[in-house]
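The values are calculated or read from the model by the stated rules, or taken from the named source; none is laboratory data. Bear in mind the structure is a predicted one, so any value in this text is a computation, not a measurement. Positions of Cβ are generated from backbone atoms using ideal geometry, with glycine treated the same way; all protein chains shown enter the neighbour counts.
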Amino acid sequence: MHEILIQADPEPIKIDVSKTAVIVVDMQNAFFGRGGYFDLLGYDVSAAQKIIESCKDIIHLARQKGTRIIFLQMDSALTCLIAEAQIHPSGTTRERPELKDKLQVYGTWGADIIDELKPQQGGKVIRNQKHDGFIGTNLDIILKTYDIRYLLFIGTATNTVFESTLMHSFFLDYFPNFVCDTARQKGVPMWGEC
């Protein structure tokens with residue numbers, strides 16, 4: 001057992017690194033990339049890009065500690081097409097061919113994990129089609145196979161996939177933690193040795 005201390009509110013908590021996984025949520029080109037789906041629809045992606053360095057630091061530290069890294073990769077082709085039709089009533093990628101590989105559809109640039117956080121050997125990628133990383137996936141089986149108890153959630157879309165998956169993990173008796181950027185802003189290290 002190798003325990004670490006995590007700076008948390010209302011107080012720091014100790015977790016066993018060997019029973020911990022970092023869950024990286026929706027860090028895909030469609031959401032973050034210049035020229036990605038959100039960018040082409042006119043959303044300001046610069047704010048979202050600010051969390052990339054923090055996520056990168058956490059993933060790097062987790063790898064050093066031997067913690068499992070699991071990426072949730074959203075494939076919501078139907079959702080994207082519905083949203084596209086609502087925002088651009090003229091319709092589909094036939095009318096907007098520049099969107100064709102920018103959506104978060106498996107096998108396209110838009111669905112890929114951003115280059116800064118690309119999964120390394122041993123990193124798991126879970127492809128989810130629902131706004132809950134457990135529904136229709138093998139996430140629970142993977143976590144149980146590795147005897148994971150603690151989950152550290154990082155990433156984006158905290159009001160959808162992030163929140164839904166975190167809540168579901170609690171219902172499945174995991175100990176989820178929402179990792180935010182406030183510790184970095186205060187100059188506090190995210191993880192400290194016990």
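Among helices (runs of 4 or more DSSP H) entirely within the stretch 83-194, having at least 3 residues that are at pLDDT 80 or above singles out 139-145, 161-171.
Yes or no, residue by residue, for (1) touching a Phe, Trp or Tyr at 6+ places or on another chain (Cβ under 9 Å); (2) over 23 Å from Ser169 (Cβ atoms); (3) among the polar types (S, T, N, Q):
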{"position": "Ala8", "(1), (2), (3)": "no, no, no"}
{"position": "Pro12", "(1), (2), (3)": "no, no, no"}
{"position": "Asp16", "(1), (2), (3)": "yes, no, no"}
{"position": "Thr20", "(1), (2), (3)": "yes, no, yes"}
{"position": "Arg34", "(1), (2), (3)": "no, yes, no"}
{"position": "Phe38", "(1), (2), (3)": "yes, yes, no"}
{"position": "Gly42", "(1), (2), (3)": "no, yes, no"}
{"position": "Glu53", "(1), (2), (3)": "no, yes, no"}
